[in-house]
1. Could you tell me which chymotrypsin sites (Phe, Trp or Tyr not before Pro) in the stretch C:210-246 are loop residues by DSSP with no more than 13 other beta carbons within 10 angstrom of their beta carbon?
2. How would you classify chain C from its alpha-carbon gyration tensor, with a ≥ b ≥ c the square roots of the eigenvalues: rounded for a/c under 1.5, else prolate if a/b is greater than b/c, otherwise oblate?
3. Are there residues in the stretch A:248-272 whose accessible area shrinks by at least 30 Å² when all protein chains are included rather than the chain by itself, and which are they (probe 1.4 Å, ligands and nucleic acids not counted)?
4. Over the stretch C:43-277, average the accessible area per residue using a 1.4 Å probe and give it in Å², no decimals.
5. From the phi angles alone, apply the Karplus equation (6.51, -1.76, 1.60; θ = phi - 60°) to the stretch B:89-103 and give each ³J(HN,Hα) in whole Hz, x where the residue is Gly or Pro.
6. Put +1 on the Cβ of every Lys and Arg and -1 on every Asp and Glu Cβ in the protein assembly as shown; which of A:Gln49, C:Phe37, B:Gly35 then has its Cα farthest towards the positive end of the dipole?
7. Please check the stretch C:227-253 for residues whose accessible area, probe 1.4 Å, is lower by 30 Å² or more when all protein chains are in place than in their chain alone.
8. With r as the distance between the Cβ atoms of C:Thr44 and A:Ile141 and R0 = 30 Å, compute the FRET efficiency 1/(1 + (r/R0)^6) and round to 0.05.
Amino acid sequence: MTSPIIAEPAAKASRTITEPPLVKWMLIAIALAFLALVLLVPLVVVFDQAFEKGIEVYFAAIREPDALSAIRLTLLTAAIVVPLNLIFGLAASWCIAKFDFVGKNILTAIIDLPFAVSPVISGLVFVLLFGARGIFGPWLIAHDFRIIFAFPGIVLATVFVTFPLVARELIPLMQAHGIEEEEAAISLGARGWQTFRRVTLPNIKWALLYGVILCNARAMGEFGAVSVVSGHLRGLTNTMPLHVEILYNEYNSVAAFAVASLLAMLAIVTLIAKRLVEWKTHRPFQAADSIRQEED
Amino acid sequence: MSIEVRHVTKKFGTFTAVQDVSLQIPTGELVALLGPSGSGKTTLLRIIAGLEVPDSGSILFDGEDATSRSVRERKVGFVFQHYALFRNMTVFENIAFGLRVRPRKRRPTSHEIRDRVDRLLQLVQLEWLADRYPSQLSGGQRQRIALARALAVEPKVLLLDEPFGALDARVRQELRRWLRRLHDNLHITGVFVTHDQEEALEVADQVVVTNHGQIIQVGTPEEVYHRPASPFVYNFLGKVNLFHARVEGGKVYVGGIQMPLPEDAHPDATTAKVYVRPHHFDLHHQPEGKGHFRARVLHINPAGPQVKVELETEWGEAVHAEIPDERYRQLKLEKGDEVYVTLKDEKVFIDASEKPDSNPT
Amino acid sequence: MAISLKRRNILPGFGLTMGFTLLYMSLIVLIPLSTIFLKSSEMTWAQFCHVVTAPRVLASYKLSFGASLVAALINILFGSLVAWVLVRYSFPCKQIIDGLVDLPFALPTAVGGIALTTVYASTGWIGRLLEPWGIKAAFSPLGIVIALTFIGLPFVVRTVQPVLQDFDREIEEASATLGANRLQTFIRVILPGVLPSILTGFTLAFARAVGEYGSVVFISGNMPLRTEIAPFLIMTKLDQFDYTGATAIAAVMLVVSFVLLLAINMLQWWSGRQKAAD
């Protein structure tokens, strides 16, 4: 790379292959200003508001029973949703990435479907299925089993919304790896599960980890879909984001942002995890790249 | 246009790609920059083009300093190793690009552009491809389109980075001769980078051999092939056998073969390195009167006009010899035979410039 | 059936994983989604039209699609710029800033929503600065655009960034050797190369914005006919137990989403083909 202070003739000679420094720094400034306005300021404001009345008020808001039950519900939901979508992600990526079959593109597109559906609609479909006037509603009422406005509904809506996350991290990576290594393992006498555990898994572990982390973050943070199916029963079917909403609408800003700050921290951890995973997976290639560049 | 490179140095981080290189390229010549990968030849070419800025030194075009001119102002035609065709444009638009981006005042009319592109397509003999996209072309066709595109702006200098590197052997042969003919017709100064000695020797007027960012030798193909300036050049320009020979009484000995000590030898040299090309050996069943050493045939590969024979000398070194097919038949050579090895001619390379061991025996 | 259509392959587990994938996908995604169309089909065409062309519904569609379009356009411009800056230049804290781009992916939408509302409300850090200019950001369509820009940004950056990263420098250099200046190279050579990815990013950002709920409901103010987005209207209908009304609105949105999804896949197929052909 060129050093920041470029000698005059060099700057002159290279101006048709790179931008002049002035243009470069202006573009950087505009990009950073935009990111600050849209991303950074809102993130900072979460913590600013949460600690506005001091650390004690902050912790009081988090320790409040309704908040605690919301946290518990959110953790429980994630604990059920993430393993389900993890298993699905592994199964789907195995059959899509390692095999060729008719309709593969359609299958891949359907996996992405929940991304294209409004979270509100994601909740709505379960109301239509299991709500009091839904398709299975009468049967559920007859057997005294609640799904909508109860925990199962929250889990279902969350599973739907976070459905593609693990699979999407794994499929491109596994496709890029190809099947030669697995074929080699099988030809050396490994059984299917051994092949997966010893050959495939080590190759995808970081992407898998990130998929799980992202799935977890979204599961804990899902708002729209859960909002439709939960019924907002305080202390019973309120997840953390719903609790934030209620507090905010009650003009209890500090408490709302205190709970929100927990979710924001979860988001930051997720971002850091993503960076680490990228670093882990791309570093070997980058190192090889730089060696190749030096060679020529 | 003539090109002069004056004391150019270029570093990438701690890696010195080009180190204090000076070079003169006269108008109208086709010059090959030949060297192994990492020898700095591509960097040197890119510095001439203006794609890299040297850390120090200067580039002169026709005696004028062009170091601070941008690549755009240097008006060089550059053909990239992977052609760098614009994939969103047809072949026609690719070739026309350099004309279309000219400032309005100097831009030819669309009719003139059409004419010029058609002529260039004729020149590279690909008229029927005008409306294709680069992705629809074969490697050799892309190469020629890239060349036509570079020629469209009527450059005074044509620079080619590994022009045949990405092609298969047969297309390569064909394009090489084609490039040579094209250069003879156009008479513009040309510089191309290659790591293939055959290519350099066949196509170029002058060969510049580079290694570790420095120029080792400049000369005609004949000069560099027959009078290599260093063991590196000798090594790089063809297959070679290395012997650690002894020096006695002003002579160099490889087994029983005696050779004169070169003039540049170190006065106290007791050993010398002797480089012999495989086809400079001759093999015999009986001693021939002239100097020889004995060897055993380990393996014979008789496929091709030159029969490759692997030998082990009486002192245990491996030697690769190549003899003509007729000679092989004549000798009825077989694996395991004991043969007498002589030299056909004296075109061997002797390096006795090293200082003798610090504690001579 | 799928098994008989698969190509020969010695790896095991196809039947098991394929079976599980199809089963799980049907239970979680396909069957639930089909209820929307099932429920819609209970209505006559006239009823359906009556619901989805009600002024309040039309206004919400207009707002949802309009604001999403504006936000996606903003994201094309600034998202591509961010991608360019991150790929081409080095500057302090670049890694952190690069990571920050994914914030809208990871931050729960409700948190993003209340944070943006607080920042852009007339008393907020930025809203306060806009107030003297007569610009009302929160509780106006502008606020909705801001929220949708927030939500869509990573889609553009993350689709354009890798394409720029892989963009062959030789092609730019070729353009320069042929006499093009930097702007000409950018417009004629670089832009056409990244255009498919920009379009994909646009479509992804737009599709996401159309359905977005959490980050918008707080900042929009939800005034009927003015700042009420379509997903919010579905929510309102549900609260009134008007399931058919909610479903009709949802059906229209779903169809649009599917068309968008199709467009994204076509775009990816198109750019993938361009790349593969090279």
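1. Numbers: sites: C:Tyr213, C:Phe218, C:Phe232, C:Phe241, C:Tyr243; in loops: C:Tyr213, C:Phe241.
Answer in residue order: C:Phe241.
2. Verdict is oblate for chain C.
3. With the partner chains in place, the stretch A:248-272 has these residues losing at least 30 Å²: A:Tyr248, A:Phe257, A:Leu263, A:Ala267, A:Leu271.
4. On the way: 8940 Å² over 235 residues.
Roughly 38 Å² per residue, with all protein chains present.
5. These are the phi-based 3J(HN,Hα) values: 10, 5, 4, 4, 5, 4, 5, 6, 3, x, 7, 5, 8, 5, x Hz.
6. So the residue we want is C:Phe37.
7. Going by heavy-atom accessible area, the residues of the stretch C:227-253 that drop by at least 30 Å² are C:Ile234, C:Met235, C:Leu238, C:Phe241, C:Tyr243.
8. Working: r = 28 Å, r/R0 = 0.94.
Taking R0 as 30 Å, the efficiency between A:Ile141 and C:Thr44 is 0.60.
The values are calculated or read from the model by the stated rules, or taken from the named source; none is laboratory data. Since the model is a prediction, treat every value here as computed from it, not as a measurement. Quick reminder, even Gly has a Cβ in these numbers, built from the backbone with ideal geometry, and neighbours come from all protein chains shown. Only protein heavy atoms, including side chains, enter the accessible area calculation; ligands, DNA and RNA are left aside. Shrake-Rupley method; radii C 1.70, N 1.55, O 1.52, S 1.80 Å.
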